[in-house]
Amino acid sequence: MLLNRLVQALTRPAARAVLIYVLGTALVLAVSPRSSYAAARTAAPERGAGPNGLYRYSYSLGLHPFTSPHDVREQLTGNFWLFPVSGGCPDRIRTHDECDLLGTNPVRVEHIADDHLQIATLPGHDLGAGLHIRFTFTRSLGFHYLVVSAWQNEPTRCTEKRLCNIASRVGAWGLWRVLAETLTVSAYAA
């Protein structure tokens, strides 16, 4: 199923460029020293995540001195088409909404707060059910940041397999980077 989507994606030039970027990053991570892999894997993504943390990535959204973290979060949840894999989700998402991302990857919006959005994967998702991803928006001295944290209730068929786990984390890093770059521009309209 995932391989079929990958083959379909290769037919589009923009998708091909993203795939090459993700595969290049995966190669760099695969040959990186083991200690950096262990540090990234054991970092607690958010409160209560503990040893089930998968990753925690931080991206700069640039200087937006008149925009609050709430404004940026509201920009994303009120215009969910900005999300890089929005698929069949509504334009404005709310807590408890369920939709499919990137084809047939069901997720539920677990929580929307002043400064963050949290989703969870559901049964039938390519990465397995029970993964939680939180998008937190912060600001320091006018500079905004997006912190994306992921953790799991228990290992899934993907996170148990080293190659799938690495590919998932590398793909997530690239995907959330695209989201950060989109929000860097759209935050001016927030």
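The values are calculated or read from the model by the stated rules, or taken from the named source; none is laboratory data. This one's a predicted model, so the numbers in the text were calculated from it and none came from an experiment. A quick note on method: Cβ atoms are made from the backbone with ideal geometry, for glycine too, and the neighbour counts reach across all protein chains shown. Just the protein is used for accessible areas: all its heavy atoms, side chains included, with ligands, DNA and RNA removed. Shrake-Rupley method; radii C 1.70, N 1.55, O 1.52, S 1.80 Å.
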Under Karplus coefficients 6.51, -1.76 and 1.60, residue-wise ³J(HN,Hα) of region 57-63 in Hz, glycine/proline x: 10, 10, 10, 7, 9, x, 8
Calculated FRET value between LYS161 and ASP91, using beta carbons and R₀ = 30 Å, to 0.05: 0.30
Carbon and sulfur %, accessible surface of region 44-190 computed with the full protein complex present, 1.4 Å: 55 percent
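State in Å² the accessible area per residue of region 70-122; use a 1.4 Å probe, count heavy atoms of protein chains only, and round to the nearest integer.
For region 70-122, the per-residue accessible area is 44 Å².
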Backbone HN-Hα couplings from phi across region 163-179 [Karplus 6.51/-1.76/1.60, Hz, Gly and Pro as x]: 5, 5, 4, 5, 4, 5, 5, 5, x, 5, 4, x, 5, 6, 5, 4, 4
Per-residue SASA entry for TRP151, accessible area with 1.4 Å probe, Å² rounded to 10: 30 Å²
Sequence-distant residues sharing a close amide H with LEU54 (under 5 Å, placed H): ALA150, TRP151, GLN152
Cα gyration tensor, region 49-92 - rounded (a/c under 1.5), prolate or oblate: oblate
